[in-house]
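Some notes on the structure that comes next.
The values are calculated or read from the model by the stated rules, or taken from the named source; none is laboratory data. All of these numbers come straight from a predicted model, not from anything done at the bench. Reconstructed Cβ throughout: ideal geometry from the backbone, glycine too, with neighbour counts over all protein chains shown.
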Amino acid sequence: MAIFHTLYPLIDTLQRELQESVNSDLPTSLREPILYFLEAPGKKIRPLLTLLSCQAVGGELEHAIPAALGVELFHDFTLIHDDIMDKDDLRRGRFTIHKKWGEDVAILVGDALIGLAYQRMLQCDPRHLAQILHLFNDALIKVCEGQALDKEFEVREQVSLTEYLNMISKKTAWLFKLSCQLGAILGEAESNEIRAMENFGNSLGIGFQIQDDWLDYAGEEISLGKKVGSDLKLNKKTYVTLKYQEVIGQSPDLMRKYPSRLTDFHSLPELRAVLFELGIAEQIQSLIDFYIQDALDSLEKVQPLNDTNQLFLLVNSLRDRQS
């Protein structure tokens, strides 16, 4: 992924600044797991979206750094609490906080990270601070709404694809949208440019999550840094599971031939083969492509789609990702 090599200095700056966000006077029992989590390798997609959105509208990258750090700390807060709820043992190829230190510590670490995120957001340009904090607060509530719906769906027998898309628009895409909004605002963008970047982030986030759902079935465990099929084991409703139910539900012959639930398949390879056989894999990829193209159409309203457009290159890299 050449774009991440190009962006390495930015990623390195973000990594260093994130660790410097952790107060030295925090108790060791809190500071140590926070630093452990922040030191984990990652692409830093959301803070990069903030920085590159600022640049795309003609702003200076430096003006968006506090917001970029706030966005990443916000994201890390959600990951730690999600790992607890989903009982995941691995995150980015390392033990999760609750697996290494226990759930009590993990809850505290997540809480502390959202506080550190606010500290960083407060360093943004005072002229935009009220608007930025309003958007940040709204995003925090929406992401929690999305997570609540995700958990509700686990115990519901029927969930529509429309309901699912609404859920991921909050749980995943809202933070993508926020990242791009903040960058555009701090880059002194015009209102039409801010709206374009909002839609760019929203569509990219939805496409990213559907792709993530698919990678849980089709990805490689080493690349993902977590066990493939983890969503399946938790009976989580994903675009893949819901699309499968929709497809076989349209034909009595398919309902007789295939299990009614993905969890009834004997193995993941067998399941993968059926998803391709039924054309579900192709349909999912088409939907991912639709949202990615919608994101690029919005981006093009702000900046030409060429090899000098780093957001364009980043999107193309994410389109081809395997983790």
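Could you list all residues from region 292-315 that are without any contact (Cβ under 8 Å) to a residue 12 or more places away in the chain and in a helix (DSSP H, G or I)?
Start the filter on region 292-315 by keeping residues that are without any contact (Cβ under 8 Å) to a residue 12 or more places away in the chain, which leaves 293, 297, 300, 304-308.
Result: Q293, D297, E300.
One line per residue, one yes/no per condition, for (1) buried (at least 20 other Cβ atoms within 10 Å of the Cβ); (2) of a type in the set (K, R); (3) free of Cβ contacts under 8 Å to residues at least 12 places away in the same chain; (4) farther than 20 Å from V22 by Cα:
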{"residue": "S53", "(1), (2), (3), (4)": "yes, no, no, yes"}
{"residue": "A67", "(1), (2), (3), (4)": "yes, no, no, no"}
{"residue": "M85", "(1), (2), (3), (4)": "no, no, no, yes"}
{"residue": "G93", "(1), (2), (3), (4)": "no, no, no, yes"}
{"residue": "I97", "(1), (2), (3), (4)": "yes, no, no, no"}
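Please work out if C124 is touching a Phe, Trp or Tyr at 6+ places or on another chain (Cβ under 7 Å) and at pLDDT 95 or above.
On the way: touching a Phe, Trp or Tyr at 6+ places or on another chain (Cβ under 7 Å): no; at pLDDT 95 or above: yes.
So C124 fails the test.
Out of the helices (runs of 4 or more DSSP H) lying entirely within region 238-291, which hold 3 or more residues that are in contact with a Phe, Trp or Tyr (Cβ under 7 Å, 6 or more places away or on another chain) and in contact (Cβ under 8 Å) with a residue 40 or more places away in the chain?
Working: elements: 239-249, 252-257, 268-277.
Ranges flagged: 239-249, 268-277.
Read through the list (1) modelled with pLDDT under 95; (2) within 19 Å of Q285 (Cα to Cα); (3) surrounded by fewer than 19 Cβ atoms within 10 Å (Cβ to Cβ), then give the number of the only condition that D216 fails.
(3)
Select from region 1-38 the residues that are farther than 21 Å from T50 by Cβ and assigned to a loop (DSSP other than H, G, I, E, B) and list them in ascending order.
N23, S24, D25, L26, P27, listed by residue number.
When C124 is evaluated against the numbered criteria (1) touching a His at 6+ places or on another chain (Cβ under 9 Å); (2) in a helix (DSSP H, G or I); (3) not hydroxyl-bearing (S, T, Y), which criterion, by number, is the only one it fails?
For C124, the failing item is (2).
Which of (1) farther than 21 Å from G205 by Cα; (2) in contact with a Ser or Thr (Cβ under 9 Å, 6 or more places away or on another chain); (3) hydroxyl-bearing (S, T, Y) is the odd one out, the single condition Y164 does not satisfy?
Failing condition for Y164: (1).
From the list R91, R46, which one is closer than 23 Å to E145 by Cα, modelled with pLDDT under 95 and not hydroxyl-bearing (S, T, Y)?
Details: R46 fails: modelled with pLDDT under 95.
The unique qualifying residue is R91.
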